[in-house]
Protein chains: 2
Amino acid sequence: MDEIVGSIPAETHPEDAAYRAGVVDLLGILAYGGLTAFQRLADDAATAPTLADQVMTSSMAVVQFRNFEAVRDHLWTFDVDVLDAMEPFHRAFDDYHERAQPKIWLETLVSAYVGDGFAADFYREIAAYVDANTRALVDEVLTTDRQTDYIVGRVRQAIADEPAVGGRLALWGRRLVGEALTQAQRVASERSALTGLISGTVNRSGMDLAMIGRMLTRLVENHALRMDRLGLAS
Amino acid sequence: MDEIVGSIPAETHPEDAAYRAGVVDLLGILAYGGLTAFQRLADDAATAPTLADQVMTSSMAVVQFRNFEAVRDHLWTFDVDVLDAMEPFHRAFDDYHERAQPKIWLETLVSAYVGDGFAADFYREIAAYVDANTRALVDEVLTTDRQTDYIVGRVRQAIADEPAVGGRLALWGRRLVGEALTQAQRVASERSALTGLISGTVNRSGMDLAMIGRMLTRLVENHALRMDRLGLAS
């Protein structure tokens, strides 16, 4: 039992200021991630090939905005304004969206599934080290199952119709993860409270190097699974 | 009592095909109106002067998409696909949004309050002649009270900061109603089932010319009230 308590010690040190700052960072990232994903998906909805696709893309955008709202409300329980919590992450997300701006609507779908899926896996890994309420919120916000069938069906159909598009989208999926890792690295170098959630502090245990290695392996494997599900080479 | 039943006779003739077509038209208008308002507001959210304004504009967009979804679900109870119901109204709404495309973000706010408010009043007048379930849905979808305080405060502040903007926005508000009436007239000339809801049929009583005159007076008065609340000359 000691090991289990030891591996999720956040609840035992709720007053820990560094822990609190790390959680607020995680929530700020989720909030700004949701808000910018909303804007990207809503913009791209206008370029969907059919009105039915526009509706589906718009509904994916709306889910992202609902996530933003849920995180905003949760941040209030920490007495933190969502605008303040998001501020440190503007540059990383704005740069990501600028550098990974879909040129065609199918790239939007791949971004929503592969790019957001990779980010979601990473957030879930971090959330293993936060309090139960925050963890429940993170899990809820990151559930995107309803969209998966639609996206997989649409991308596979597009590749069946025009095989060349598969190569383009595979390249796109790999690029997304590259851009995401670049921004994640920037954030990690600037926000020690956030990395402290993962690596642990004097009071809280976290991941050692071997655990971080296994985490990266999981992230890469899940990414390959998603690419495979879309029919894309990873 | 006879008069009251006589004025809302829709329930007594649910099988009336013309009535049904009129209701489906009304719902198609509401659905496509919500979907296009979502797209316009989401697009314009990106141009908001502050992140807080962007969030508010995005949340107004999301309310419009929720309205679209509510109408879509209600249309299923009539065995009608929302995509089919919206189709006859693409041109009118697309033309409206093209001709009344906000150049600055404040015009977006005026559109959302004055333009959509005018349309909402009109839909409510029509909804007086439909069945109770549809009427309840229309009332629910057209409730925009939560946004009003924000929009009124933001527009009045902008005029206080820069009085010249008041003249520009007043012109914009008048133009919106002009464009809306142009499109309404086009729709009325093409969709007899819809106008039949208002004018009545052999089986159902509707508005006579004097009632239509009073309705137009109400619409104009409410429009003037909204302009006045924003501090704009109507």
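The values are calculated or read from the model by the stated rules, or taken from the named source; none is laboratory data. Because the structure is predicted, anything quoted here is derived from the model rather than measured. FYI the Cβ positions are ideal-geometry reconstructions off the backbone, even for glycines, and counts take in every protein chain you see.
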Test: residue in the stretch B:98-113 that is among the polar types (S, T, N, Q), facing chain A (nearest Cβ under 10 Å) and either more than 16 Å from residue B:184 (Cβ to Cβ) or without any contact (Cβ under 8 Å) to a residue 12 or more places away in the chain (or both): no
Total residues in the stretch B:80-91, condition in a helix (DSSP H, G or I) and more than 11 Å from chain A (Cβ to nearest Cβ): 4
Selection from the stretch A:21-41 of residues that are within 12 Å of another protein chain (Cβ to nearest Cβ) and under 11 Å from the mean Cα position of the chain (by Cα): A:31, A:32, A:34, A:37
Long-range neighbours under 6 Å by Cβ, at least six apart or interchain, first residue crowded, with 17+ Cβ neighbours inside 10 Å within the stretch B:188-200, second of a type in the set (Phe, Trp, Tyr) and not in a helix (DSSP H, G or I): B:197/B:129
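Per-residue answers, yes or no, for (1) in contact with a helix residue (DSSP H, G or I) (Cβ under 9 Å, 6 or more places away or on another chain); (2) under 23 Å from residue A:55 (Cα atoms); (3) surrounded by fewer than 19 Cβ atoms within 10 Å (Cβ to Cβ):
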| residue | (1), (2), (3) |
| --- | --- |
| A:129 | yes, no, no |
| A:134 | yes, no, no |
| A:141 | yes, yes, no |
| A:148 | yes, yes, yes |
| A:162 | no, no, yes |
| A:171 | no, no, yes |
Residue among A:181, A:106 that alone is among the aliphatic types (A, V, I, L, M), at negative phi and surrounded by fewer than 16 Cβ atoms within 10 Å (Cβ to Cβ): A:181
Pair list, Cβ under 7 Å, 6 or more apart: the stretch A:50-79 residue farther than 14 Å from residue A:134 by Cα and within 11 Å of another protein chain (Cβ to nearest Cβ), other residue modelled with pLDDT of 95 or more and not in a helix (DSSP H, G or I): A:54/A:48; A:57/A:48
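Here is a yes/no grid of residues against (1) within 22 Å of residue A:57 (Cα to Cα); (2) surrounded by fewer than 24 Cβ atoms within 10 Å (Cβ to Cβ); (3) of a type in the set (Val, Ile, Thr):
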{"site": "B:23", "(1), (2), (3)": "no, no, yes"}
{"site": "B:29", "(1), (2), (3)": "yes, no, yes"}
{"site": "B:38", "(1), (2), (3)": "yes, no, no"}
{"site": "B:43", "(1), (2), (3)": "yes, yes, no"}
{"site": "B:51", "(1), (2), (3)": "no, yes, no"}
{"site": "B:55", "(1), (2), (3)": "yes, yes, yes"}
{"site": "B:63", "(1), (2), (3)": "yes, yes, yes"}
{"site": "B:66", "(1), (2), (3)": "yes, yes, no"}
{"site": "B:71", "(1), (2), (3)": "yes, no, yes"}
One residue from A:186, A:226 being under 24 Å from residue A:18 (Cβ atoms) and touching a helix residue (DSSP H, G or I) at 6+ places or on another chain (Cβ under 6 Å): A:186
